[in-house]
Amino acid sequence: MSVIERAECTDVVTGAAGFIGSHLVDALLEVGHCVVGIDSFDPWYSPAHRARNIEIACADPGFRLEVKDLRTADLRELFDGASTVYHLAARPGVQHSWGAGLTRTIEMNVTVTGKVLDAAIGAGVDRVVLASSSSIYGNTAAAGGSRSKAPLSPYGASKAACEDLADVYRHRGLDVVTLRYFTVFGPRQRPDMAMHRLFEATRRCGPAFGRRGSGEQSREFTFVGDAVAATVLAGTVAEARGRTFDIGGGCTVSLNEVIDTVGRIAGAPVRVRAEPAPAGEPWTTVAANDEARAILGWQPRTSLRHALCAQWVWHQGIRLASMPSVLRSAELVPAGV
Ligand SMILES: NC(=O)c1ccc[n+]([C@@H]2O[C@H](COP(=O)([O-])OP(=O)(O)OC[C@H]3O[C@@H](n4cnc5c(N)ncnc54)[C@H](O)[C@@H]3O)[C@@H](O)[C@H]2O)c1
């Protein structure tokens, strides 16, 4: 495995304030890269959540935040001098992509990705790392499955179309490395995602967790630290040129098992409300990490339990951070002192 040599590294991260993007920014700064982060703080979930995500990076002299919408920004100018563009901005989520969310999903994912790839080739960027998803597989990423593109939702179809656009620009000579992330979780996770809603449902006053279907559906869950390590390697390992990788956490577990584990970590059961089985969700997902292991030298390192503990600590922290400071200090004083 060889690492691309660069005199001075400037990376661009789109979706820099998002869940995975903000961790990626932290990791790139940590290895000494200069980073330009682009994010519109799209209001579909709390901009304050994302402002907190990017707070530490904003204090780093190697980081510049551009609050811009990729649909309207001059991307050639923003990408000028960049070695690698990590394109993570999107409108993620299967359930939001139906009905009223359809147009936005296509625009934010497909149209924007086309614009990013076009600007990258125009600006002479060395490599684009494209965030794709296990959703492109539908039910084919199962044990013994054909692993072909067979999306079951507009979101999955939009990500499959982004991959097709990547192929178009590869033919024109652009180096695009595609990562198919399998259900990522950990600190800063989006509030619509299962782990986030599960931890919130362990609080007496929090909303119950809407369990869609029997809970026996299963996912390969991936800790965000592992997903980000793979992403940095995808941007820097020379042999990754033009390739597509599955990035999965290493074991597939059912939603019911996760509900039990979250309850044990939080010390309180998850309050569950039954909901009908959702449209567009595969029954199971299993990643094929072999190529990522062989070419990127990557493998997932964090157990589900450790990763869930890290997310639980984060949930505790945001609750404290959102309290007035006087309450915060009162809560930290042990009873009877
Ligand atoms: N989280 C997962 O489990 C998962 C799984 C598979 C794939 N992915 C993909 O990984 C990427 C990151 O996902 P995430 O969970 O961190 O999502 P996120 O919503 O937390 O982050 C996306 C960020 O992109 C920004 N953004 C969206 N459209 C924009 C635009 N037009 N201009 C500028 N900024 C814009 C949003 O404001 C947001 O901060 C996405 O491409 C997603 O499809 C995520």
task = Give the calculated FRET efficiency between Val253 and Ala48 to the nearest 0.05, with a Förster radius of 35 Å applied to their Cβ-Cβ distance.
result = 0.65
query = Residues with beta-carbon under 13 Å from that of Cys58, excluding Cys58: net charge, scoring Lys, Arg +1 and Asp, Glu -1?
reply = -2
request  = Can you bin segment 153-233 into rounded, prolate or oblate? Criterion: square roots of the alpha carbon gyration tensor eigenvalues sorted a ≥ b ≥ c, rounded for a/c under 1.5, prolate for a/b above b/c, oblate for the rest.
outcome  = prolate
inquiry  = To the nearest 20 Debye, how big is the dipole of segment 10-321 about its Cα centre, given +1 on the beta carbon of each Lys and Arg and -1 on that of each Asp and Glu?
reply    = 920
ask   = For Arg243, Arg219, Arg273, Arg127, what's the largest-to-smallest order of accessible area, 1.4 Å probe?
value = Arg273, Arg243, Arg219, Arg127
task = Please report the base-10 log of the normalised intensity I(q)/I(0) for segment 80-183, using a Debye sum with one equal scatterer per alpha carbon and no solvent, at each q in 0.25 (1/Å).
result = -1.29
query = Per the Kirkwood definition applied to all pairs of different Cα atoms, how many angstroms is the hydrodynamic radius of the chain?
reply = 20.6
key: Charge tally in the Cβ shell below 15 Å around Ala141, where Lys, Arg are +1 and Asp, Glu are -1, Ala141 excluded   = -1
note = Summing -39500 (n - 2.57) over every DSSP H run of at least 4 residues in the chain and dividing by its residue count gives a helix-only mean residue ellipticity at 222 nm, to the nearest 500 deg cm²/dmol, of -10500 deg cm²/dmol
task = Leaving ligands, DNA and RNA out of it, rank Glu55, Glu66, Glu291 by accessible area with a 1.4 Å probe, largest first.
result = Glu55, Glu291, Glu66
ask   = Which Cα, out of Ala288, Trp314, Val13, lies furthest along the positive dipole direction of the chain (beta carbon charges, K/R +1, D/E -1)?
value = Trp314
request  = Heads up, I need the accessible area for Leu75: 1.4 angstrom probe, whole protein in place, Å², nearest 10.
outcome  = 10
note = If each part is reduced to its alpha-carbon centroid, segment 44-97 and segment 208-245 end up apart, in Å, by 19
ask   = What accessible surface, in Å², does a 1.4 Å probe find on Asp192, ignoring ligands, DNA and RNA and rounding to the nearest 10?
value = 40
query = Can you give the % of DSSP beta bridges in segment 10-321 that are antiparallel, to the nearest 5?
reply = 10
task = Run the numbers on segment 10-321 and let me know its relative contact order in percent, using alpha-carbon pairs under 8 Å that are six or more apart.
result = 17
message = Can you classify segment 88-144 as rounded, prolate or oblate using the Cα gyration tensor, where a ≥ b ≥ c are the square roots of its eigenvalues, rounded means a/c under 1.5, and otherwise it's prolate if a/b beats b/c and oblate if not?
response = oblate
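The values are calculated or read from the model by the stated rules, or taken from the named source; none is laboratory data. None of these values were measured; they are calculated from a predicted model. FYI the Cβ positions are ideal-geometry reconstructions off the backbone, even for glycines, and counts take in every protein chain you see. With ligands, DNA and RNA removed, areas are computed over all heavy atoms of the protein, side chains included. Shrake-Rupley method; radii C 1.70, N 1.55, O 1.52, S 1.80 Å.
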